[in-house]
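Colleague: Just passing along the structure, written as structure tokens.
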Amino acid sequence: MRDFILNDTDRAFRTELAGFLERELLPRAPAIENDDDWNAVKAVVRALGEAGYLKLMFPDLYRGSLAISGAAPGLTHATMLSEEAAAINYAFETTIATALSCAYPLHRYATPEIRGRYLPGIVEGREIGAICVTEPGVGSDTSGMRTRITFDAARREWVINGFKRYISNASVADVYIVYGITDPDVPAGKGMSAVVVPAGTPGMSFPRRYTFTGRRGCIVGEVEFRDCRIPAENLLGEENAALRIMISMFNFERVILGGSGLGVARSAFDIATAHAQTREAFGQKLGCKQLIWDKIAEMSWRIDAAELITYRAAKLYDQGVAGKALMKPAAMAKLVSTETATFCADTTVQVLGGDGITKEYGRAEQIFRDARALPIVGGTTEMAKYLIASADLPTLKPNL
Ligand SMILES: Cc1cc2nc3c(=O)[nH]c(=O)nc-3n(C[C@H](O)[C@H](O)[C@H](O)COP(=O)(O)OP(=O)(O)OC[C@H]3O[C@@H](n4cnc5c(N)ncnc54)[C@H](O)[C@@H]3O)c2cc1C
């Protein structure tokens, strides 16, 4: 059995969720992939929000909306949402994963007023969130962040100047969490703050939208801030203390990405096993060949390992493990699941032969393109390895 780390409630929830996504997402997935149909993405986000699924991470909000039978709020079920959605369409899943990564710090660190203003729209699926960390000179190494956030005491406003790139949901989001430097005289980890910027704030613009290898239908682009002013109360947590917020947000996001990788890997595996059992070559089903067994077995054990590691991290979070203690299990979930996704996507193409790289014969080629982003987004495979090794070598400082 693949999912022994999960309990009966988890399994019942997964069944119900899969049925919901089959009704709401599956019929819209071709429009998302082929026509970049943002309205289709929004319609599914809205349906998920109305049904209560986007509140899974937030037990206090979730109470009272227990329309979903068998749902126990927490990261385990939110990860399942990612997994099941990514199994149908990874591009769509990135939209909700990003929105939830925005909702998470809002829920935890915003003042009650700011939280009340911006969180309900996201978790009810009416609005979309975005996270702005990455810059042209800042990817894995966030210590080189150039975006400046200064405080105008006379007007009691924060003023943002900077340029962010690779921002998921850029230009279509309603709320942006923006990280920037508030104290340039200390290392970035001690001088970084995070603020909430609503869409439409003067001074914010979206110079460019990117075209990626895969992930058709989701929107990723640049966000520029030029003297962009927001009220003092839009600060998340304390001034200069956003590193903590970033660590907890990335922990959360990496477990969710474990679910994304798992969903993508599973969808590839299902195509490969179906093909191996139907396609004939040399007078036998393809799946009778030992070289094909090897590929099926390799995908199978990798998916099992990814599932165990991902849901271990999610369950640890649900048991109260947080901050530094969650960094290694979350990094492992992200690393193993996303590498499993690219392995399975590539192997499935090989099992299918020509059918694997043509649009006319199913989704293998789409999954192959989509999967490639997974070991890069939300912290690369290399960065995940640093996090894991630094927990294992506590007396050493990794040479980044
Ligand atoms: C589709 C997509 C969506 C994204 N969405 C968002 C978003 O919503 N918000 C946001 O803020 N960012 C987002 N990102 C940015 C993403 O987080 C970064 O791309 C990622 O962190 C890597 O940064 P980089 O691309 O600048 O690569 P770099 O950091 O320049 O790294 C390039 C390569 O070098 C490796 N490398 C770097 N340093 C070391 C080292 N010390 N040792 C060994 N290897 C190293 C990396 O692992 C990588 O393989 C998105 C990116 C993509 C592609």
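The values are calculated or read from the model by the stated rules, or taken from the named source; none is laboratory data. Worth saying up front: this structure is predicted, and the values here are computed from it rather than measured. Reconstructed Cβ throughout: ideal geometry from the backbone, glycine too, with neighbour counts over all protein chains shown. Accessible surface areas use protein heavy atoms only, side chains included; no ligands, DNA or RNA. Shrake-Rupley method; radii C 1.70, N 1.55, O 1.52, S 1.80 Å.
Colleague: When the residues of the stretch 119-164 are filtered to those that are open to solvent by less than 50 Å² (accessible area, probe 1.4 Å) and among the acidic types (Asp, Glu), which remaining residue is nearest to residue 46 (Cα to Cα)? Give the derivation first.
Modeller: The initial filter retains those residues of the stretch 119-164 that are open to solvent by less than 50 Å² (accessible area, probe 1.4 Å), namely 119-123, 125, 128-135, 138-139, 142, 144-145, 147, 149, 152, 157-160, 162, 164.
Remaining after also requiring among the acidic types (Asp, Glu): 135, 152, 157.
On the way: 135: 30, 152: 37, 157: 33 Å.
Restricting to residues being open to solvent by less than 50 Å² (accessible area, probe 1.4 Å) and among the acidic types (Asp, Glu), the top hit is 135.
Colleague: Specify which of the listed residues (256, 219) is touching a strand residue (DSSP E or B) at 6+ places or on another chain (Cβ under 9 Å) and not aromatic (Phe, Trp, Tyr). Let's see the steps before the verdict.
Modeller: Values: 256 fails: touching a strand residue (DSSP E or B) at 6+ places or on another chain (Cβ under 9 Å).
When all the criteria are applied, what remains is 219.
Colleague: What pairs can you find where one residue is in the stretch 197-210 and basic (Lys, Arg), the other is within 16 Å of the ligand (Cβ to nearest atom), and their Cβ atoms are less than 6 Å apart, with a gap of 6+ or different chains?
Modeller: Final answer for the pair search is 208/221; 208/222; 209/221.
Colleague: Could you check the stretch 344-373 and list, in sequence order, the residues that are open to solvent by 50 Å² or more (accessible area, probe 1.4 Å), assigned to a helix (DSSP H, G or I) and in contact with a Ser or Thr (Cβ under 9 Å, 6 or more places away or on another chain)?
Modeller: Hit for the stretch 344-373 is 368, nothing else.
Colleague: Of these, 389, 341, which one is without any contact (Cβ under 8 Å) to a residue 12 or more places away in the chain, in a helix (DSSP H, G or I) and within 16 Å of the ligand (Cβ to nearest atom)?
Modeller: On the way: 341 fails: without any contact (Cβ under 8 Å) to a residue 12 or more places away in the chain.
Sole residue among the options that is without any contact (Cβ under 8 Å) to a residue 12 or more places away in the chain, in a helix (DSSP H, G or I) and within 16 Å of the ligand (Cβ to nearest atom): 389.
Colleague: Now, a different point. Regarding residue 192, is this residue open to solvent by 10 Å² or more (accessible area, probe 1.4 Å), within 16 Å of the ligand (Cβ to nearest atom) and outside the structural domain of residue 30 (by TED's automatic domain parsing)?
Modeller: no
Colleague: Separate question: Identify, from the list 363, 312, the residue that is in the same structural domain as residue 286 (by TED's automatic domain parsing), basic (Lys, Arg), in contact with a Pro (Cβ under 7 Å, 6 or more places away or on another chain) and modelled with pLDDT of 95 or more. Please lay out each step first, then the result.
Modeller: Working: 363 fails: in contact with a Pro (Cβ under 7 Å, 6 or more places away or on another chain).
It is 312.
Colleague: What's the total number of residues in the stretch 378-396 that are hydroxyl-bearing (Ser, Thr, Tyr) and open to solvent by less than 50 Å² (accessible area, probe 1.4 Å)?
Modeller: So the answer is 3.
Colleague: Looking at the stretch 239-259, is at least one residue more than 19 Å from the chain's Cα centre (by Cα) and in a loop (DSSP other than H, G, I, E, B)?
Modeller: There is at least one residue in the stretch 239-259 that is more than 19 Å from the chain's Cα centre (by Cα) and in a loop (DSSP other than H, G, I, E, B).
Colleague: Among the residues of the stretch 285-328, write down those that are β-branched (Val, Ile, Thr) and more than 22 Å from residue 381 (Cα to Cα).
Modeller: Within the stretch 285-328, the subset β-branched (Val, Ile, Thr) is 292, 296, 303, 309-310, 321.
Correct list: 292, 296, 321.
Colleague: Just the residues that are surrounded by fewer than 17 Cβ atoms within 10 Å (Cβ to Cβ) and either touching a Leu at 6+ places or on another chain (Cβ under 7 Å) or without any contact (Cβ under 8 Å) to a residue 24 or more places away in the chain (or both), please, taken from the stretch 97-118.
Modeller: Result: 112, 116.
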